[in-house]
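Everything on this sheet refers to the single structure shown next.
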Amino acid sequence: MLSLGLATEFALTLLTQRFVAFFLIPFIVINVSVSVLPHELQPWFYKYGYGFPVFNLGQAVRTIIFNTKNHLGRNFGVLIAWAVLSLITVPIMIYVTRQREIREEQAKTLPDEREEEIREEQRRIDFGAGTTAQLSPSEERRVEDAERQDRGEKPLVA
């Protein structure tokens, strides 16, 4: 059962909870369809069952309970292979999924550097709108002279 549970855990990590049913239903059908009858009574197509966990688990249980032909080495080998494969793939998928979530979170919280530069430039432009900060040096001098004349002082430029 470990082999089935870990395979389901891998699918859950990969597909998330919303889509795990799309994996689980075919996985159950594929596994159960080969374990109902012995392979000798099934069409050739169902020979893939030798590599799936439910068939090997059922055959191992029949061998232990009813003392039928012994294939326990192959049965446990297939079950352990599924468990080991899942034990390798589940942590890898968890790591990949976590890295993807970290990148998505960083993309949400940290703005692009270029966007930040554009915003800073816009703030500077907005701050100086309507002031002498936008005037050229010659225009600035003329404004200062006009302000001096208003105060009754002599202009610097004649």
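Quick check: the angle from helix 2-35's long axis to the longest principal axis of the chain, C-alpha only, nearest 10 degrees?
The two axes meet at around 20 degrees.
Excluding residues fewer than 8 places away in the same chain, name every one of the aspartates and glutamates whose C-alpha is closer than 14 Å to that of Lys154.
In chain and number order, the partners are Glu144, Asp145.
How far is helix 113-128 tilted off the main Cα axis of the chain, in degrees rounded to 10, range 0 to 90?
20
Solvent-accessible area of Met93, probe 1.4 Å, all protein chains present, reported in Å² to the nearest ten, please.
In the full protein context, Met93 sits at about 30 Å².
How large is the helix-only mean residue ellipticity at 222 nm for the chain, computed as the sum of -39500 (n - 2.57) over DSSP H runs with n ≥ 4, divided by its residue count, in deg cm²/dmol to the nearest 500? Don't jump to the answer; show the numbers that get you there.
On the way: 5 runs with 117 residues, N = 158.
Taking each H run of at least 4 residues, the total per residue is -26000 deg cm²/dmol.
Which of the aspartates and glutamates could a cross-linker bridge to Lys69, judged by Cα under 19 Å and excluding same-chain residues fewer than eight apart?
Once the sequence-local aspartates and glutamates are set aside, what remains near Lys69 is Glu40.
In Å², and per residue, what accessible area does the chain have when probed at 1.4 Å with the other protein chains present?
On the way: 12010 Å² over 158 residues.
That works out to 76 Å² per residue.
So if I average 1/r over every pair of distinct C-alpha atoms in the stretch 28-125 and take the inverse, what Kirkwood radius in Å does that give? Walk me through the numbers on the way to the answer.
Numbers: mean 1/r = 0.0560 Å⁻¹.
Mean inverse Cα-Cα distance, inverted, gives 17.9 Å.
Hey, rough spin-label estimate for Leu24 and Trp44, points 7 angstrom out along Cα→Cβ, what's it come to in nanometres?
With each label point 7 Å from Cα toward Cβ, the separation is 3.7 nm.
Can you send over the carbon and sulfur percentage of the accessible area for the chain, probe radius 1.4 Å, protein chains only?
64
Compute the label zone of Ile94 within the stretch 1-45: residues whose backbone N is under 12 Å from the point 7 Å along Cα-to-Cβ.
Residues 9-10, 13 qualify, since their backbone N sits under 12 Å from the label point.
Please state the relative contact order of the chain as a whole percent: Cα pairs under 8 Å, 6+ residues apart?
On the way: 87 pairs, mean separation 35.2, N = 158.
It comes to 22 percent, rounded to a whole number.
Taking 0.36 nm per residue of separation and subtracting the Cα-Cα distance, what length does fully extending Ile64 through Gln17 add?
Values: separation 47, 0.36 × 47 = 16.92 nm, distance 3.64 nm.
Separation in residues times 0.36 nm, less the Cα-Cα distance, equals 13.3 nm.
The values are calculated or read from the model by the stated rules, or taken from the named source; none is laboratory data. Because the structure is a prediction, the values reported are computed rather than measured. As a convention, Cβ positions derive from the backbone with ideal geometry for all residues, glycine included, and neighbour counts pool all protein chains shown. Remember, those area values only see protein heavy atoms, side chains included, never the ligands or the DNA or RNA. Shrake-Rupley method; radii C 1.70, N 1.55, O 1.52, S 1.80 Å.
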